[in-house]
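Read-outs throughout are calculated quantities, based only on the coordinates presented, and are distinct from any laboratory measurement. Being a predicted model, the structure only gives us computed values, none of them experimental. No Cβ is skipped: glycine too gets one built from the backbone with ideal geometry, and neighbour counts run over all protein chains shown.
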Amino acid sequence: MVAIEAVRGDITEEHVDAVVTAANESLLGGGGVDGAVHRAAGPRLAQAGSAIGPCPPGDAMATPSFDLDPPVRHIVHTVGPVWEGGDQGEAEILASCYRHSLQVADELDVRSIAFPAIATGVHGFPADQAARIAVTTLRSTPTRIEQIRLVAFDHDTYEILAVALRR
Ligand code: ADP
């Protein structure tokens with residue numbers, strides 16, 4: 001069974017096979033976690049993103065990890081929903097991000113993967129609801145991945161993820 005844990009830190013420093021980034025549709029790079037991932041991976045990441053993008057919300061696409069340190073081999077780009085109050089299908093799109101990211105990673109034979117708190121920054125998705133969706137979706141999606149790390153950049157997000165995992 002897959003082990004899921006919450007950790008606090010910078011996702012670009014994770015020692016996993018694949019890192020997920022909360023991308024925008026162009027896959028050319030953005031702010032927040034996506035900016036950090038693009039800075040760490042170098043300019044070839046935007047080139048690779050532009051070659052496979054755009055990526056619609058709820059979907060996920062993979063590129064190499066370029067300048068990220070081993071063991072990271074892949075970057076999974078997923079596009080979260082923009083929060084518009086909750087009645088625009090945001091929850092289902094967010095669940096789809098987690099589901100599709102796992103599916104893409106499975107196809108690449110990934111055994112360990114790190115996720116940021118997708119959509120809870122600039123996109124404005126309420127963090128507690130997002131954490132419940134993340135945990136529920138990751139637990140219910142069949143996968144060969146053995147280790148999932150939910151990486152919180154700040155203390156509040158870490159606490160919210162830890163609570164969601166204890167449910
Ligand atoms: P979105 O546009 O999907 O809302 P953001 O990047 O704005 O994405 O925020 C998503 C989450 O990622 C937020 O909790 C933010 O604090 C966090 N974050 C920002 N930088 C990093 C990083 N380097 N590592 C991990 N998480 C990060």
Q: Please list, in chain and number order, the residues 5+ apart from Asp59 or on another chain whose amide H is under 5 Å from its amide H, with Hs placed from the backbone.
A: Val79
**Q.** For the stretch 153-164, Karplus couplings with θ = phi - 60° (6.51, -1.76, 1.60), whole Hz, Gly/Pro x
**A.** 7, 10, 4, 4, 5, 4, 4, 5, 5, 4, 5, 4
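What length, rounded to one decimal in nm, is gained on full extension from Gln88 through to Val122, with 0.36 nm per residue of separation minus their alpha-carbon distance?
Values: separation 34, 0.36 × 34 = 12.24 nm, distance 1.70 nm.
Result: 10.5 nm gained on full extension.
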(Q) Just the number: Rg to Rh for the stretch 74-167, Cα atoms, Kirkwood Rh, two decimals. (A) 0.94
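Considering only DSSP beta bridges whose two residues both sit in the stretch 49-167, what percent are antiparallel, to the nearest 5? If you can, show how the numbers build up before the last one.
On the way: 5 of 9 bridges.
The answer is about 55 percent antiparallel.
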**Q.** the stretch 23-70 and the stretch 91-167: distance between their alpha carbon centers, rounded to Å
**A.** 18
Q) Roughly how many nanometres apart are two label points built 7 Å out from the Cα toward the Cβ at Gln103 and Arg8? A) 3.5
Q: Calculate one ³J(HN,Hα) per residue across the stretch 98-104 by plugging θ = phi - 60° into the Karplus curve 6.51 cos²θ - 1.76 cosθ + 1.60, and present them in order as whole Hz with x for glycine and proline.
A: 5, 4, 5, 4, 5, 5, 4
Q | Kirkwood hydrodynamic radius of the chain, Cα pairs, Å | A | 15.3
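How would you rank Tyr158, Tyr98, going from fewest to most other Cβ atoms within 10 Å of each one's own Cβ?
On the way: Tyr158 18, Tyr98 26.
With the fewest neighbours first, Tyr158, Tyr98 line up as Tyr158, Tyr98.
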